Amino acid sequence: MTDMALTLEETENINEIKDWFDKYGNWLVGVLLAAALIAAGNWGWRWYTQHGAEAASALYDQYEAAVARDDATRARDIAGSLVQRQGGSIYAALAALQQAKANLTVGDFTSAKAQLQWVAGKSQFPELAAVARVRLAGVLLDQKSYDAALALLQSPPPGFEADYADRRGDILFAQGKPTAARTAYQEALLAAGSQNPLRSLIQAKLDAIPAAG
């Protein structure tokens, strides 16, 4: 027997390996393939997320440029593209909020309302959704849809207690409920920090409502 010849023990080991692979080989290949697909999927998702964010950022830059040169039509179209193509990005929500404000300025309440509703209901960014709810409640207030407006202002997220209470005060006062409005403004004033720009406005509204006799 030469040095290259297999011993009986080695032969048995090889046969055991062959038997194991015959029995479990397909399963092993499947596991390895699944692992490879998961790794590729994770890489693909990271690539998509990174490049999706870059695309959204580039579109938003174009949007701001259109706004700066007063190209309302171009700005509207880009904002629409952001919402449709990059709706999960912060840039889509920011553009929608800005477009809503622009539409309110020119009296297009229908478009403004739709944009604010989208941010309030679809945005993945709670702070921007909260801003949209306060502004949407203001639109509904102008349309005298008081109950719908108040329904938007339940359970304010942290940091928005003053904004929500202030808007509730506006709605309640418009409803002819000065006592309830006064209470809401007091809550807003209490929630507003000393540096809150709303503070002086809230105080002015509160001072304009006579105290209950």
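Can you confirm whether K113 is out of contact with any Leu (no Cβ under 6 Å at 6 or more places or on another chain), in contact (Cβ under 8 Å) with a residue 24 or more places away in the chain and not in a helix (DSSP H, G or I)?
no
Within region 184-200, does at least one residue satisfy the condition of being more than 31 Å from the chain's Cα centre (by Cα) and of a type outside the set (G, A, S)? Let's see the steps before the verdict.
Restricting attention to region 184-200, the residues satisfying the condition of being more than 31 Å from the chain's Cα centre (by Cα) are none.
For region 184-200, residues more than 31 Å from the chain's Cα centre (by Cα) and of a type outside the set (G, A, S): absent.
Of a type in the set (A, V, I, L, M, F, W, C) and without any contact (Cβ under 8 Å) to a residue 24 or more places away in the chain: does that describe A188?
Details: of a type in the set (A, V, I, L, M, F, W, C): yes; without any contact (Cβ under 8 Å) to a residue 24 or more places away in the chain: no.
When the stated conditions are applied, A188 does not pass them.
Would you call A184 in contact with a Lys or Arg (Cβ under 6 Å, 6 or more places away or on another chain), over 20 Å from Q117 (Cα atoms), modelled with pLDDT of 95 or more and not charged (D, E, K, R)?
Working: in contact with a Lys or Arg (Cβ under 6 Å, 6 or more places away or on another chain): yes; over 20 Å from Q117 (Cα atoms): yes; modelled with pLDDT of 95 or more: yes; not charged (D, E, K, R): yes.
Judged against the criteria, A184 is a match.
Check off (1) within 27 Å of the chain's Cα centre (by Cα); (2) assigned to a helix (DSSP H, G or I); (3) free of Cβ contacts under 8 Å to residues at least 40 places away in the same chain for L172 and give me the number that stays unchecked.
(1)
Answer yes or no as to whether A149 is buried (at least 19 other Cβ atoms within 10 Å of the Cβ), small (G, A, S) and touching a residue at least 24 places away in the same chain (Cβ under 8 Å). Reasoning before the result, please.
Details: buried (at least 19 other Cβ atoms within 10 Å of the Cβ): yes; small (G, A, S): yes; touching a residue at least 24 places away in the same chain (Cβ under 8 Å): no.
Considered against the rule, which asks whether it is buried (at least 19 other Cβ atoms within 10 Å of the Cβ), small (G, A, S) and touching a residue at least 24 places away in the same chain (Cβ under 8 Å), A149 comes out as no.
Test each condition in (1) under 17 Å from E127 (Cα atoms); (2) surrounded by 14 or more Cβ atoms within 10 Å (Cβ to Cβ) for P157 and report the one that comes out false.
All conditions pass for P157, except number (2).
Quick check on this structure: which one of P197, P210 is part of a loop (DSSP other than H, G, I, E, B), closer than 28 Å to A79 by Cβ and not polar (S, T, N, Q)? Even if it seems obvious, please write down each step before you answer.
On the way: P210 fails: closer than 28 Å to A79 by Cβ.
Unique residue meeting the criteria: P197.
Considering only residues that are surrounded by 15 or more Cβ atoms within 10 Å (Cβ to Cβ) and either in a helix (DSSP H, G or I) or touching a strand residue (DSSP E or B) at 6+ places or on another chain (Cβ under 6 Å) (or both), which ones fall in region 116-127?
Initially, region 116-127 is screened for residues surrounded by 15 or more Cβ atoms within 10 Å (Cβ to Cβ), giving 116-120, 122-123, 125.
Within region 116-127, L116, Q117, W118, V119, A120, K122 meet the criteria.
Among (1) surrounded by 19 or more Cβ atoms within 10 Å (Cβ to Cβ); (2) within 19 Å of Q203 (Cα to Cα); (3) touching a Pro at 6+ places or on another chain (Cβ under 9 Å), there is one condition A130 misses while meeting the rest; what is its number?
(2)
Could you grab me the full set of residues in region 161-213 that are of a type in the set (F, W, Y) and under 14 Å from G138 (Cβ atoms)?
In the first step, residues of region 161-213 are kept if they are of a type in the set (F, W, Y); the result is 164, 173, 185.
Of everything in region 161-213, those that are of a type in the set (F, W, Y) and under 14 Å from G138 (Cβ atoms) turn out to be Y164, F173.
The values are calculated or read from the model by the stated rules, or taken from the named source; none is laboratory data. Please read all numbers here as calculations on a predicted model, not as lab measurements. Here the Cβ is made from the backbone with ideal geometry for all residues, glycine too, and neighbour counts use every protein chain on show.
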